[in-house]
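Input: a single structure, listed below in structure tokens.
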Amino acid sequence: MIETIRRALDTKGNLRVPARDLALRADLYAAGLTPFAAIDVMIEIEREFRIVCPDRMLVRDSMASIEKIASCLNEAVADGSHPMAAYAEAA
């Protein structure tokens, strides 16, 4: 999971340093993540994990560190209530 998050940060986050060089608790906003890039990172992560994160997780604090992103993902995956397949079926 952590490596997938790091890849998403590298491809979509526009960080000033490679994500592999950041500690799990490093402030991603201090490393260059903007609110717009955070949205792109979250969309990429949702695509990779085939989930849709609940709205309550789509706040600045949820994207503040790799550790916080992983925690949100663990919660979304554990509750299983937001798989992308369910949204595709409803469309």
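To put it simply, the accessible area of region 1-57 at a 1.4 Å probe is 53 percent carbon and sulfur.
Answer rounded, prolate or oblate for region 15-66, using the Cα gyration tensor with square roots of eigenvalues a ≥ b ≥ c: rounded when a/c is under 1.5, else prolate when a/b is larger than b/c, else oblate. Verdict is prolate for region 15-66. Ratio of Rg to Rh for the chain: 0.97 [Cα atoms; Kirkwood radius as inverse mean 1/r over pairs]. Annotation note: GluC sites (Glu not before Pro) in region 28-76 located in DSSP loop regions with a Cβ neighbour count of at most 13 within 10 Å are absent. Under 5 Å between amide hydrogens, built in the peptide plane, is the criterion, and for Ile51 it picks out Met84 among residues at least 5 positions away or on other chains.
Excluding ligands, DNA and RNA, the accessible surface per residue across the chain is 60 Å² with a 1.4 Å probe. Ranking Arg60, Arg16 by solvent-accessible area of protein heavy atoms (1.4 Å probe, all protein chains present), from largest to smallest, gives Arg16, Arg60. With every protein chain in place and a 1.4 angstrom probe, the accessible-area ranking of Phe36, Phe49, largest first, reads Phe36, Phe49. Estimated at the nearest 10 Å², the accessible area of Arg47 is 130 Å² with a 1.4 Å probe. Averaging the sequence gap over all C-alpha pairs within less than 8 Å and six or more residues apart, then dividing by the number of residues, gives the chain a relative contact order of 32 percent.
The values are calculated or read from the model by the stated rules, or taken from the named source; none is laboratory data. The structure presented is a predicted model; accordingly, all values stated were derived computationally and were not measured. Neighbour counts are summed over all protein chains in view; Cβ atoms, including those assigned to glycine, are modelled from backbone coordinates with ideal geometry. Keep in mind that these areas ignore ligands, DNA and RNA; they rest on the heavy atoms of the full protein, side chains included. Shrake-Rupley method; radii C 1.70, N 1.55, O 1.52, S 1.80 Å.
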